[in-house]
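The values are calculated or read from the model by the stated rules, or taken from the named source; none is laboratory data. Computed from a predicted structure; not experimentally measured. Reconstructed Cβ throughout: ideal geometry from the backbone, glycine too, with neighbour counts over all protein chains shown. Ligands, DNA and RNA are stripped out before the accessible areas are found, and what is left, the full protein with its side chains, is counted by its heavy atoms. Shrake-Rupley method; radii C 1.70, N 1.55, O 1.52, S 1.80 Å.
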Amino acid sequence: MIKADTNTVLPNIPLRKKPWRLRIRPYLILLPSMAVLLGILYPFITAIYYSFTDISFRSTTYKFIGLGNWLGMFTSADFWHAILVTLEYSLSVIVLEMVIGMILALLLNNDKWYSKVLNVVLIFPLMVAPVIGCLIWSLMTNNTFGLMEKFLNIFGVYGFPWGASSQTALLYVIMIDVWINTPFVLLLLRAGLQGLPKSPFEAAKIDGGSAWFNFRRLTLPLLKPVIMIALIFRSVAALQEFAIIYSTTKGGPGNTLTNLSLLAYQTAFPYSNLSKGIPMIMVLWIIINFASKRMVGVYNQTRQS
Amino acid sequence: MKKKVLSILLAAAMAFSLTACGNKNQPADSTPAGEPSSGEAAGGETTGDAGEFSWDKFAGQKINIMFVEHTLTTDMINEIESFEELTGIEVNYTTIPEANYFDKISALLSSQSDTLDIFMTGPYQIWQYASSGYMVDFDTFLNNPSMVDPGYHVEDFYEAVLNSCRWSCNTGEAMGSGSLWGIPLNFEADVMVYNKRLLEEKNLQVPTTTEELTKACEALQNHSGNGTYAFACRGSLSWATLITAYQSFYTTYGGTDFELGADGKMVSTVNRPEGVEATEWFVDLVKKGGSSTWASTTYAEAVGDVGAGTAAICVDASGSCLSVCLENASEEWENLAIAPIPVAKAGQDPMTQIYSWSLAMNNASKAKDASWYFIQYITMPDTLHDMFVAESYSNPTRQSTFESEDYQAILAGVDGYIEAFEASVDNCTMYYTPNSHAFEVLEGWCQTIQELVEGKYGSTQEGMDKLADTLTNIVNQ
């Protein structure tokens, strides 16, 4: 019988160091992503520095000017108007897209033939680049030959101003944004609905629960994580929207649709005031950062509950 | 072992994938940095090389061109092969949409990059780039016989057009004197295109004054029922809106934009009585006779509406007006005619704003002489003549092209074009005061016009007073 020998002393064999090629491997694998990170951080940090200078495309030299650009921005009426437009636009499109997306997802969450067809057809706007989508809409709303114009003529409406009036311009771009981006929300929510467990709904059916009860007490709470994901993606995109507004009205008429993205671009590039445009983008970054962090926090809570 | 090889290959592939993908025609480097080409001093300066002119003097050099997407660009690209055969100079080029073009050019010029030798530009861009020292003065080449083909004939260019590329870079000084910063390819003056049939139906004469234009538009509004209107012009939020119809009318009323104050700083004069009167008249015209979508109308939509018969009259750049008058170019082409733009007082000469597309050179270029050869080649009398005749372009920059038989034959088919051109070519000039904040000034001005049309202000004077303050602050920042 073999007994354990408690007095045995194990020989002191030094561990062999891994060859350097093995030790360096994890860093090599990380190297490309670190390079990408540097590629993102370098212009970001440089931009922060430039916001404290007077750098401009009008000169090859620049100097440090402290907080001049930041103070100028915060005391500018155009900046605060742009903040208002940004919030107005993003809240409007987010609410509309979430509501319409949810309704469509619920309506198409079945195996009927029309659901199968519509699920494919409704995704088409998402495949179109926003600029092309805006071009399509500007052709459709053209007062001479546009499809929308001919449609409105049936009801006796001629020469609808669309993006040419401050009364209707916001409605116009919101409509285009909803047309392009609701399919994204629809895709996410429908996938979420498909993944919901069936047993609570079967139990509710047995207990005689109404459709509204099912939606409010079962569907919504179970779908919360997916709703939050859709909300986070759309919020981040809507707050920094540029393509749709620039392609349609360039922020006009007047400054009706000039949001923060557009104002920053106009200031930095066409007006060549690079150092004055950077603080505006920084403020936008802070807003998006704050909003997305809060939403991710809510998302984590919904997952835990 | 396999895993080791695979992981290294994967890491290498990810590292290479970070390399930006370039355009097929991504400009290659021009002559090596610090190595002067023949005829150039170190740093790319021209040397005033003595001797006779010869097209192959700079053979072996490379130049990089950034074109804007424009009808002329296609023609210039078509000439590259024959230029390379003639000179032995290699040409690399990139084409960029106009919407982003000057963003790219500004970044390259301000970083003093030598990857750009030649670019396209207009007068407003010259104000910014030349005053920043980014451009080359073409007089250094034109005054050197060894660098100019004897058949070039710079005097063949219309003086007004050449002057739209000439500026002293002195604050407040008008264009037309000083260095020559670009060689013009084409130019635009403003004309009026109108539908003869619609005017005849309403027993209207072709308006020659702004008062007549207003009366004509009142009669022509809804001329063919709902959705049709009298007067089309640009209105979208853009500097381009301010350099066509509005500016030509503004000037005819005696309106000015800036003057030099006693302290040498520019002060805006848009709120003077002449400017206010001009603006009030224009806003009234748009409200009474314009489209309900005026504030989003581009030049394409404005002339398109006249071509389709939706609008009766349009004032815009001559090129776009001509484009709908050519045979089968539009539904109403047979009924369309061109006339000089109406003036504020009878008997006045039309005072139309000029815009020109020209070829310019980067001051940081290390292949200036070779670049000049390309610009010279493209703007030779024969080359420009062939381009304009082949494509029926409007407004040639050379008199020889305009006066040639084949070009006159093209224009003869467009009612009134030759007369309108001859009436405006000597008086078309840059009426805006050069300043390096031109785009901010013009877009701010356009914004105010849009707000006035919307009725945002209690009066035109109020709007223009606010605009004057804004513009004064912009140019003095």
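Spacing of the modelled spin labels on B:Glu403 and A:Ser115, each 7 Å from Cα toward Cβ, amounts to 7.9 nm. Between A:Ile136 and B:Glu277, the distance separating the two model label sites (each 7 Å from Cα on the Cα→Cβ line) works out to 5.1 nm.
Across the stretch B:205-259, Cα-Cα pairs farther apart than 16 Å form 56% of the total. For the stretch B:362-424, the C-alpha radius of gyration divided by 2.2 N^0.38 Å, with N the number of residues, is 1.42.
Largest accessible area first, the listed residues B:Phe249, A:Phe269 line up as A:Phe269, B:Phe249 when surface is computed with a 1.4 Å probe on the assembled protein chains.
Note on B:432-439: average number of Cβ atoms from other chains within 10 Å of each residue's Cβ is 2.
Please report, in debye to the nearest 20, how large the charge dipole of the stretch A:70-304 is about its Cα centre when each Lys and Arg carries +1 at its beta carbon and each Asp and Glu carries -1 there.
600 debye
Charged neighbours of B:Ala295, selected by a Cβ distance under 15 Å, balance to -1 (K, R count +1; D, E count -1). Counting, for every residue in A:283-293, the Cβ atoms of other protein chains within 10 Å of its Cβ and taking the mean gives 0.
Among the residues of B:225-235, the average count of other protein chain beta-carbon atoms within 10 Å of the residue beta-carbon is 2.
The calculated 222 nm mean residue ellipticity attributable to helices in chain B amounts to -12500 deg cm²/dmol, summing -39500 (n - 2.57) over DSSP H runs of n ≥ 4 and dividing by all residues. Ranked from largest to smallest solvent-accessible area, with a 1.4 Å probe on the protein heavy atoms, A:Val236, B:Val425 come out as A:Val236, B:Val425. For chain B, complete DSSP H runs whose alpha carbons reach 18 Å or more along their own long axis and whose mean Kyte-Doolittle score is -1.0 or higher are B:2-17, B:71-87, B:98-110, B:273-289, B:438-454, B:460-475. Above 27 Å, the calculated P(r) of chain A contains 61 percent of its Cα-Cα pairs.
For the pair A:Leu22 and B:Asp103, a Förster radius of 45 Å applied to the C-beta separation gives a FRET efficiency near 0.40, rounded to the nearest 0.05. Electrostatic bookkeeping for B:Ala308 treats Lys and Arg as +1 and Asp and Glu as -1; over the other residues with beta carbon under 11 Å from its beta carbon, the sum is -4. Oblate is the label for the stretch B:280-357. Its Cα gyration tensor axes, ordered a ≥ b ≥ c, give a/c of at least 1.5 and b/c at or above a/b.
Shape verdict for the stretch B:181-318, please, from the Cα gyration tensor: rounded (a/c under 1.5), prolate (a/b greater than b/c) or oblate. Intermediate results must be reported in sequence, preceding the final value.
Numbers: a/c = 2.18, a/b = 1.67, b/c = 1.30.
Prolate is the answer for the stretch B:181-318, as a/c is 1.5 or above and a/b outweighs b/c.
Among rounded, prolate and oblate, which fits chain B when a ≥ b ≥ c are the square roots of the eigenvalues of its C-alpha gyration tensor, a/c under 1.5 means rounded, and a/b larger than b/c means prolate? Here chain B falls in the prolate category. Taking other residues whose beta carbon is less than 11 angstrom from the beta carbon of B:Val191, and scoring Lys, Arg as +1 and Asp, Glu as -1, yields -4. If a spin label sat at a point 7 angstrom from the Cα of A:Leu171 along the line to its beta carbon, the backbone N atoms of the stretch B:283-305 nearer than 17 Å would be those of B:292-296.
Each listed q (0.09, 0.11, 0.14, 0.16 Å⁻¹) maps to a log10 I(q)/I(0) for the stretch A:18-151 from the Debye sum over equal C-alpha point scatterers, namely -0.70, -0.92, -1.03, -1.07. Listed by chain and number, the lysines placed with their C-alpha closer than 24 angstrom to that of B:Lys62 are B:Lys24, B:Lys104, B:Lys366, B:Lys368; residues fewer than eight positions away on the same chain are left out.
Each distinct pair of alpha carbons in the protein assembly as shown adds a 1/r term; the inverse of their mean, the Kirkwood radius, is 30.1 Å. Cross-link partners of A:Lys116 among lysines, defined as those whose alpha carbon lies under 29 angstrom from its own and excluding same-chain residues fewer than eight positions apart: A:Lys198, A:Lys205, A:Lys224.
Here's the picture: a label point sits 7 Å out from the Cα of B:Gln477 along the beta-carbon direction, and within the stretch A:257-282 the residues with their amide nitrogen under 15 Å of it are A:262-281. Calculation over all alpha carbon pairs of the stretch A:1-83 in 5 angstrom steps from 0 returns a P(r) of 3, 9, 9, 10, 10, 8, 7, 6, 6, 6, 5, 4, 3, 3, 3, 4, 3, 1, 0 percent.
Between the exposed loop cleavage positions of chain B, defined as GluC sites (Glu not before Pro) in a non-H, G, I, E, B DSSP state with at most 16 neighbouring beta-carbon atoms within 10 angstrom, the longest gap is B:174-326. Helix screen, chain A: DSSP H segments with Cα axial length of 18 Å or more and mean Kyte-Doolittle hydropathy at least 0.0 are A:20-50, A:77-107, A:169-194, A:220-239, A:274-304.
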